[in-house]
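Worksheet: one structure, shown below.
The values are calculated or read from the model by the stated rules, or taken from the named source; none is laboratory data. Since this is a predicted model, take the numbers as computed values, not measurements. Cβ sites come from the backbone with ideal geometry, for glycine too, and all protein chains shown count toward neighbours.
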Ligand SMILES: Nc1nc2c(ncn2[C@@H]2O[C@H](COP(=O)(O)OP(=O)(O)OP(=O)(O)O)[C@@H](O)[C@H]2O)c(=O)[nH]1
């Protein structure tokens, strides 16, 4: 009899000759016998290997306690069916090995009433399951990478796929900015909730390191000395994978495990790198789209919305005004004698004056207000007031006064003021084009009236 084999207990031995046990040990599949209460009576050598326990640890123990909690209910139901006399073939469920790893088993079982035993033959299908999961996850990721247009949503979907493959509940995606601004975190999920500023600083520093080195970093408590400096006593393992594209490293993905969560295996790491390559390409594509979208809606010189975006915002503002949520006016501004600035001081000074003008105009308004550059030296402001048109008039006056002081541009003092024209919705125009041209007309009348 092999050392691992446990003899059939008591009266049951009469039903199954002990001589059979060594034969069971030759089988690649596991043979398990449980009594009426579901306690292990016999487990063959292959079974002991699957569960990772010694016979002494396993015999007498309830089989259901090894089953993953999510699978317990249907496992008990299947056991009842078997004990009612139904032979059960090809039943799949998951168990927790002694080392914490999950094993997938495929069972066939039968109840032997004369012996008071449930006999089951189990095959370890963990590898096959994992291959299926990897295939499903990588398919889901590559599909999401092409479908999802929002960066946060994309990271969330990728996280779901990662969580299906490994213990990956805590995940962060950091993106680095070429302009030297701090790292941005378009996605962050931590099962322990918000992190302290200290832990956050730690995470940022780790991301910086991964990005700068452009290499995978795995730090495990009790293995890597670096982990001794961790401020979080629960942190067990931290893995950082660079998000690399052909044009360079654009960020990092960080996966953390706490407490008794299993860390990342070498296999997981290879998979994470593959996922990160896909994610990085998708992020770069989304960033490019974002930049193109911004360029097509904004003026390159001042960064203000252009005419196309103004029309969009105007139609939304008109809808709000129609619903009675606000009173809307359109303010048209055109710099007076701007051409002289170009002619006298050069085009570059003219450009800088336009930028200074845009900045001063924005400074008079709320961040939610729309200010657009609609032509060379022409600007439009959408004024919305919840109380009445008088509020819009007051805002227009404030703008006018803001341009009384001269500008200082490139060491030159330039006394430049705009002409203003105001049109109210709906009195001066019920549709966009009408309202804009009414404000334009009002501005021309004001310009004509200026000394
Ligand atoms: N520097 C600079 N100049 C520009 C830009 N776009 C348009 N312009 C110039 O802005 C001027 C606008 O023309 P006008 O509105 O007739 O000039 P103005 O002198 O302000 O005329 P009034 O409004 O009647 O006082 C033209 O000289 C354009 O060449 C720009 O992006 N940068």
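Key figures for this structure:
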read-out	value
Selection from the stretch 361-378 of residues that are in contact (Cβ under 8 Å) with a residue 40 or more places away in the chain and either touching a helix residue (DSSP H, G or I) at 6+ places or on another chain (Cβ under 6 Å) or not assigned by TED's automatic domain parsing to the domain that holds residue 329 (or both)	370, 371, 372, 374, 377
Residues of the stretch 245-259 that turn out to be surrounded by fewer than 20 Cβ atoms within 10 Å (Cβ to Cβ) and either assigned to a strand (DSSP E or B) or free of Cβ contacts under 8 Å to residues at least 12 places away in the same chain (or both), as a count	5
Test result for residue 295, assigned to a helix (DSSP H, G or I), free of Cβ contacts under 8 Å to residues at least 40 places away in the same chain and farther than 22 Å from residue 395 by Cβ	yes
Whichever residue in the stretch 171-201 is more than 21 Å from residue 244 (Cα to Cα) and in contact with a strand residue (DSSP E or B) (Cβ under 8 Å, 6 or more places away or on another chain) and, among such residues, is modelled with the highest pLDDT	189
Strands (runs of 3 or more DSSP E) within the stretch 28-119 that include 1 or more residues crowded, with 17+ Cβ neighbours inside 10 Å and under 42 Å from the mean Cα position of the chain (by Cα)	30-34, 88-96, 102-112
Scan of the stretch 349-360 for residues that are in contact with a helix residue (DSSP H, G or I) (Cβ under 7 Å, 6 or more places away or on another chain) and more than 14 Å from the ligand (Cβ to nearest atom), ordered by number	360
Among the residues listed as 385, 368, the single one being away from the ligand (no atom under 16 Å from the Cβ) and in contact with a strand residue (DSSP E or B) (Cβ under 8 Å, 6 or more places away or on another chain)	385
Every residue from the stretch 339-348 that is within 13 Å of residue 301 (Cβ to Cβ) and more than 7 Å from the ligand (Cβ to nearest atom)	348
Qualifying residue in the stretch 305-324 (condition: within 28 Å of residue 401 (Cα to Cα), within 16 Å of the ligand (Cβ to nearest atom) and out of contact with any helix residue (DSSP H, G or I) (no Cβ under 8 Å at 6 or more places or on another chain))	yes
Those residues of the stretch 342-360 which are more than 14 Å from residue 403 (Cβ to Cβ) and in contact (Cβ under 8 Å) with a residue 12 or more places away in the chain, in sequence order	345, 348, 349, 350, 351, 352, 355
Residue match in the stretch 375-384 (condition: surrounded by 13 or more Cβ atoms within 10 Å (Cβ to Cβ) and part of a helix (DSSP H, G or I))	no
